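Undergrad: Here you go, one structure.
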Amino acid sequence: MDIRLPNLGDGVSSATVLEVMVKVGDDITVGQTLMELETDKAVAPIPSTAAGKVEAIKVKVGDKVSEGTPVITVSGAGASSGPSIQSPVAITQGPVGGTTVQSVVSVAVAPASTSGVSYVAGTGTPAPTSALISHFASQFGIDLLRIPGTGRGGRITNDDLRQYIQFLQAKAFAAPAPQAGTAAVVAGPQPLDIDFSKWGDIETVEMSGLRQKISENMAKSWNTVPHVTQFDNADITHVMGLRKKYNDKYKAKDARITVTVFAVKAIVDALKAFPNFNASYDAAKGVLIKKNYYNIGIAVDTPSGLIVPVIKDVDQKSLLQISQELEVIAQKARDRKLGVDDLRGGTFTISNLGSLGVSSFTPIVNHPEVAILGLSKGALSPVYNDKGELEARMLMPVSLSYDHRVIDGADGARFTRHFIDAIQAFDEKLMAI
């Protein structure tokens with residue numbers, strides 16, 4: 001039997017083979033890691049769904065594969081032609097507080113093609129089948145009366161069930177036919193019909209899967225969300241003093257205090273005061289989904305491109321915990337060791353380009369969120385204090401982009417000022433270890 005590439009998660013259509021960990025002639029067991037694949041989101045080990053002897057390896061390092069691709073052929077008593085419904089893939093996320101954490105992602109093995117298959121209402125008489133198939137059908141609400149058995153005596157076989165499930169899935173995700181009188185919409189980017197080599201030498205470089213995914217997400221966000229960006233300055237003299245005071249203590253706890261850490265903590269105050277910023281807009285249903293949890297995405301620059309891992313429940317964590325977690329996820333992002341769950345569930349995003357010397361920029365909303373905060377490089381600037389005296393203060397430009405369908409300019413200004421007030425008056429008690 002062939003072991004096929006499973007579904008690695010929402011929005012992941014292909015992967016690249018990084019390493020094949022078995023060879024022809026090896027005896028393998030169920031759950032044994034066969035290979036590692038690099039997707040646009042993570043590096044994931046692929047477990048075997050069958051036991052037996054490896055008869056053939058159908059892929060090699062560097063190959064691009066997609067869901068349903070046969071990767072290894074096995075034979076033996078442990079090989080089964082029945083449907084493999086789910087296999088857990090453990091994605092190693094790296095050490096957190098000295099402990100290696102694994103995120104388990106359920107993946108479904110792709111069934112065979114169902115081209116030309118159709119079904120009608122059942123006769124009302126259940127066909128004979130095995131207890132395993134009956135149990136599975138009961139668990140997942142599958143009506144066996146609708147499946148004509150092709151086995152001996154009309155018995156429903158594993159292949160019959162697999163084919164029926166594939167038929168239902170194909171129907172569920174089939175593109176709707178265009179209505180009469182409506183123009184067809186061209187989906188996806190169109191190729192550049194230009195021969196640039198007419199004017200000189202060129203080099204064609206294939207974009208990585210991650211870079212293509214970033215491009216797709218950015219285009220979707222820009223085309224979906226009517227953006228507005230507001231700019232202001234935050235006086236970070238106080239928090240930079242706190243950073244200097246506590247930095248050595250935090251380093252002893254494997255943490256590093258950055259402006260981003262202060263911003264993560266301060267943004268929660270603003271999100272609680274303005275819950276529309278911690279929401280998603282479902283335009284089709286005309287509803288705003290407000291979230292009563294605070295998961296902050298942090299844009300991380302990596303050699304492979306921009307990745308936005310998410311720190312969960314920041315309102316329930318200390319500044320030290322946020323600092324430690326930010327160190328871990330940033331390194332995991334650079335090492336491409338993030339699990340799929342590390343990239344999901346964000347409610348608001350912060351992008352800090354200050355370390356790159358950027359004085360201001362307009363961040364793009366991370367759809368389906370409705371707002372994103374950009375932080376730029378702080379600089380000493382002359383400022384008049386309350387006594388009318390001129391003094392040097394460290395000012396950091398901030399830029400807030402938001403979805404104008406959900407947020408008006410006045411609320412955008414209030415939200416920005418609330419965040420600035422929170423970071424300028426940062427409570428030193430929050431620095432406690």
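Rule-based calculations on the coordinates, nothing more; no lab input. Because the structure is a prediction, the values reported are computed rather than measured. Glycine gets a Cβ as well: all are built from the backbone with ideal geometry, and neighbour counts include every protein chain shown.
Undergrad: Give me the net charge of PHE415's neighbourhood, meaning all other residues with Cβ under 15 Å from the Cβ of PHE415; Lys, Arg count +1, Asp, Glu -1.
TA: -3
Undergrad: Whole-Hz ³J(HN,Hα) for each residue in the stretch 193-202, computed from phi via Karplus 6.51 cos²θ - 1.76 cosθ + 1.60 with θ = phi - 60°, x for glycine and proline: what do you get?
TA: Rounded to whole hertz, the list is 8, 9, 9, 5, 5, 4, 10, x, 5, 9.
Undergrad: Quick query: amide H of ARG393 versus all other amide H atoms, modeled in the peptide plane; which residues come in under 5 Å with a sequence gap of 5 or more or a different chain?
TA: Excluding prolines and chain starts, which carry no amide H, the hits are SER381, VAL383.
Undergrad: Let me ask something else. Sorted from fewest to most neighbouring beta carbons within 10 Å, what does the list THR347, THR416, THR73 look like?
TA: THR73, THR416, THR347
Undergrad: Which whole-number percent gives the relative contact order of the stretch 251-404, counting Cα pairs below 8 Å spaced six or more residues apart?
TA: Reported as a whole number, the value is 20 percent.
Undergrad: Follow-up. When each pair of different Cα atoms in the stretch 210-431 is counted once in the 1/r mean, what is the Kirkwood radius in angstroms, to one decimal? It would help to have the intermediate numbers written out before the result.
TA: Numbers: mean 1/r = 0.0556 Å⁻¹.
Taking the inverse mean of 1/r over all distinct Cα pairs, the stretch 210-431 comes out at 18.0 Å.
Undergrad: Within straight cross-link reach of LYS429, meaning Cα distance under 17 Å, which lysines are found once same-chain residues fewer than 8 apart are removed?
TA: In chain and number order, the partners are LYS244, LYS245, LYS249, LYS265, LYS317.
Undergrad: Excluding residues on the same chain fewer than 8 positions from LYS23, give the lysines whose Cα lies under 21 Å from its Cα.
TA: LYS53, LYS58, LYS60, LYS64
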